[in-house]
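Here the structure is laid out as structure tokens; the discussion comes afterwards.
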Amino acid sequence: MATRWLFKTEPSAYSFQQLEKDKKTVWDGVKNNLALKNLKEIKKGDEILIYHAGDEKAAVGVARALSGAYPDPSKKDPKLLVVDIEAVKPLPRPVTLAEVKANSKLAKFDLVRLPRLSIMQVNDEQWKLIEEMANK
């Protein structure tokens, strides 16, 4: 089964709404070692929650990986990876970081534990809980 992920972005830099307009994009700019390690694990077909960082601090949409990770063609460093993604759908309503933190079942979620990490795995239970919260 496909793995699920959460990608953080500053909406002023690249928002989920922009991804919807563009239909697909090359997700780049990842420099943190743990985030790069996670990015390396992404496979075509994996589902991705798009999370707006900054003032918004909320999961806002779902995307899908169109490729596995590959070296960023615009950089000379082969350790810097990118992945192609496409927009799938916006969440029915944003799920805020405050809501995630308030749910004790999500206490071990990397979004809570590692707040600066930009790419993280989302297990099935976490994904289901966030989907349920988005539908309330």
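The values are calculated or read from the model by the stated rules, or taken from the named source; none is laboratory data. Values in this document were obtained by computation on a predicted structure and should not be read as measured data. Neighbour counts are summed over all protein chains in view; Cβ atoms, including those assigned to glycine, are modelled from backbone coordinates with ideal geometry. Surface areas here come from the heavy atoms of the whole protein model, side chains and all, with no ligands, DNA or RNA. Shrake-Rupley method; radii C 1.70, N 1.55, O 1.52, S 1.80 Å.
Only one of the numbered conditions (1) farther than 23 Å from Gln18 by Cα; (2) under 16 Å from the mean Cα position of the chain (by Cα); (3) at pLDDT 95 or above is not met by Pro115, and that is (3).
May I ask you to verify whether Gly29 is open to solvent by less than 30 Å² (accessible area, probe 1.4 Å) and on the phi > 0 side of the Ramachandran plot? Considered against the rule, which asks whether it is open to solvent by less than 30 Å² (accessible area, probe 1.4 Å) and on the phi > 0 side of the Ramachandran plot, Gly29 comes out as no. In the stretch 46-62, what residues are of a type outside the set (Lys, Arg), open to solvent by 30 Å² or more (accessible area, probe 1.4 Å) and touching a residue at least 12 places away in the same chain (Cβ under 8 Å)? Once the filter is applied, which keeps residues that are of a type outside the set (Lys, Arg), open to solvent by 30 Å² or more (accessible area, probe 1.4 Å) and touching a residue at least 12 places away in the same chain (Cβ under 8 Å), the stretch 46-62 yields Glu47, Glu56.
Summed over the stretch 45-57, the residues that are outside any strand (DSSP E or B) and out of contact with any Leu (no Cβ under 8 Å at 6 or more places or on another chain) give a count of 6. Is there a residue in the stretch 11-24 that is modelled with pLDDT of 95 or more, aromatic (Phe, Trp, Tyr), in a strand (DSSP E or B) and crowded, with 17+ Cβ neighbours inside 10 Å? No: the stretch 11-24 contains no residue that is modelled with pLDDT of 95 or more, aromatic (Phe, Trp, Tyr), in a strand (DSSP E or B) and crowded, with 17+ Cβ neighbours inside 10 Å.
From the list Leu117, Leu129, the one residue that fits, being open to solvent by less than 30 Å² (accessible area, probe 1.4 Å) and assigned to a loop (DSSP other than H, G, I, E, B), is Leu117. It is to be established whether one or more residues within the stretch 85-94 are open to solvent by 50 Å² or more (accessible area, probe 1.4 Å), more than 19 Å from Asp46 (Cα to Cα) and at pLDDT below 95. The answer is no; no qualifying residue exists.
From the list Pro78, Pro90, Pro94, Pro73, exactly one residue is outside any strand (DSSP E or B) and either of a type in the set (D, E, K, R) or in contact with a strand residue (DSSP E or B) (Cβ under 7 Å, 6 or more places away or on another chain) (or both). Which is it? Spell out how you get there, then give the answer.
Values: Pro90 fails: outside any strand (DSSP E or B); Pro94 fails: outside any strand (DSSP E or B); Pro73 fails: either of a type in the set (D, E, K, R) or in contact with a strand residue (DSSP E or B) (Cβ under 7 Å, 6 or more places away or on another chain) (or both).
Answer to the check: Pro78.
When you check Ser74 against the structure, is it surrounded by fewer than 18 Cβ atoms within 10 Å (Cβ to Cβ) and under 23 Å from Trp127 (Cα atoms), yes or no? Before you say what the answer is, go through the steps one by one.
Working: surrounded by fewer than 18 Cβ atoms within 10 Å (Cβ to Cβ): yes; under 23 Å from Trp127 (Cα atoms): no.
No, not satisfied.
Condition first: of a type in the set (A, V, I, L, M), within 23 Å of Lys136 (Cα to Cα) and out of contact with any Lys or Arg (no Cβ under 8 Å at 6 or more places or on another chain). Can you find one or more residues in the stretch 13-24 that meet it? No, the conditions are met nowhere in the stretch 13-24. Being in contact (Cβ under 8 Å) with a residue 40 or more places away in the chain and exposed (fewer than 12 other Cβ atoms within 10 Å of the Cβ) is the filter here; which residues of the stretch 95-111 pass it? Across the stretch 95-111, the qualifying residue is only Ala98.
Checked against (1) open to solvent by 10 Å² or more (accessible area, probe 1.4 Å); (2) under 19 Å from Thr3 (Cα atoms); (3) part of a loop (DSSP other than H, G, I, E, B), Ile42 meets all criteria but (1).
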